[in-house]
Amino acid sequence: MLYAAYELQNRAGRPVRSTSGLTARPLSALPGPLAGLPNVQRIRAACEVLSHAQPTHARPDWGIDTVDVEGRPTEVIEQPTLTTPFATLRHFTKPGVTGQPRVLLVGPLSGHFSTLLRPTVRTLLTGHDVHVLDWENARDIPVDHGPFGLDEYIEHVMQALRHLGPDTHVVAVCQPAVPVLAAVSLLAAERDPAQPSSLTLIAGPVDTRINPGRINERAAATPLSVYERLLTDTVPARYAGAGRRVYPGAAQLTAFMSMDPKRHLDAHLRLYRALVAGDTVVATRTRAFYDEYGAVMDVPAEFYLETLQRIFMEHDLARGAFSWRGRRVDPADIRETALLTVEGGEDDMCRPGQTRAAHDLCTGIPAERKRHHLQDGVGHYGVFAGTRWENEIYPLIRAFIAENESARPAAASS
């Protein structure tokens, strides 16, 4: 029903979007005096806003061709280095740049493509050798590749770390905080050489019983069967993943926007006013954000439902009851990996205290190798994108990684 409703709505709105786009183009091509008339500007602005008012399933390009390294523009080449049906490990190489700490960035599998972390990647690239675990759209994955739940997610993280080898630093943004912490715990329990040198958890739901917000309260009050019945659907026959059960990306986008509809409405009004006023800087920035925000991907239903149940409802890791393929996962096994947690003071999606809870679980890490940072004045996206991320949060992460770039503590590796 979700797919049918989304595609019916998409077809119904297509004539309006198409007509709006066709109208905006000739209005933009009018001679200067005519194009500057107030009514022409208003109509053109309204048409441009309407022509983009739809979610898409098109994967955006990373679009990172150059970055500044020590004040010099440096070429960036994106290369896939490890591929499964569900994810691709991408290396953002910088020819001629060597000696930078190696970082594995793990983003959420929550309805948006990993390119939503483009600002995070771009900033990290200025001082690090960056690899990204880039998740695939579930509606494009044939069912004969099997299910993909939390166990498979954790396995992908461990596989990526083993592929990259020792002395890698992991940065997990938002949702993957728990599965990444579980993956590092499992490697530590096995004394695997691929244990990362440091682990940074940014705004992740390690223990959502702490300082619960609206999302946490809703999850606690709603039976899992309701989510399964109302928010999962089967991929239609015309897609490669036909028959796979998924949580549609369009449903996640609707859920995100419904959390603060006024904010999104105000943003589109600002876009309209910027287009009318000819403020290309504001218009381009706002449109780029919503083009990215509106690019959605489907999530395997088993991963979505297991995440809800085991992380948001039953709090398995925080209660000491988390397991991977039947094996108990204990963050206290981590001894050789330093830990940094980062939270946003105004984060409504992952409230302050929920990520910091990782420190209480990781009792094997010495206190001097743990750090926590609460960034005042930022919400969820501000902890990994924007000026506060670039100027205040990233310098702390960079210093933390540099501090832990040396060999593992002798006591831990003996």
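The values are calculated or read from the model by the stated rules, or taken from the named source; none is laboratory data. Keep in mind that what you see is a predicted model, and the values were worked out from it rather than measured. Positions of Cβ are backbone-derived with ideal geometry, glycine not excepted, and every protein chain shown enters the neighbour counts. Calculation scope for accessible area: heavy atoms of the full protein, side chains included, ligands and nucleic acids excluded. Shrake-Rupley method; radii C 1.70, N 1.55, O 1.52, S 1.80 Å.
Test H380 against the stated conditions and say whether it is at pLDDT 95 or above, surrounded by 15 or more Cβ atoms within 10 Å (Cβ to Cβ) and of a type outside the set (S, T, N, Q). No, not satisfied. Among the numbered conditions (1) in contact with a Lys or Arg (Cβ under 9 Å, 6 or more places away or on another chain); (2) outside any loop (DSSP other than H, G, I, E, B); (3) within 30 Å of G71 (Cα to Cα), the only one that R139 does not meet is (3). Among the criteria (1) polar (S, T, N, Q); (2) open to solvent by 80 Å² or more (accessible area, probe 1.4 Å); (3) within 19 Å of T126 (Cβ to Cβ), the one N404 does not fulfil is (2).
Residues in the stretch 89-140 that are over 13 Å from the mean Cα position of the chain (by Cα) and aliphatic (A, V, I, L, M) were compared, and the one that is most open to solvent (accessible area, probe 1.4 Å) is V97. Restricting to the stretch 354-377, name every residue that is touching a Ser or Thr at 6+ places or on another chain (Cβ under 6 Å) and open to solvent by 30 Å² or more (accessible area, probe 1.4 Å). Of everything in the stretch 354-377, those that are touching a Ser or Thr at 6+ places or on another chain (Cβ under 6 Å) and open to solvent by 30 Å² or more (accessible area, probe 1.4 Å) turn out to be R356, H372. Here I210 meets each of (1) open to solvent by 10 Å² or more (accessible area, probe 1.4 Å); (2) touching a strand residue (DSSP E or B) at 6+ places or on another chain (Cβ under 7 Å) with one exception, condition (2).
When you go through A277, A242, A220, A237 one by one, which is the residue that is modelled with pLDDT of 90 or more and open to solvent by 70 Å² or more (accessible area, probe 1.4 Å)?
Numbers: A277 fails: modelled with pLDDT of 90 or more; A242 fails: open to solvent by 70 Å² or more (accessible area, probe 1.4 Å); A220 fails: modelled with pLDDT of 90 or more.
A237 is the lone residue from the list that is modelled with pLDDT of 90 or more and open to solvent by 70 Å² or more (accessible area, probe 1.4 Å).
The number of residues in the stretch 198-217 that are part of a loop (DSSP other than H, G, I, E, B), in contact with a helix residue (DSSP H, G or I) (Cβ under 8 Å, 6 or more places away or on another chain) and not β-branched (V, I, T) comes to 6.
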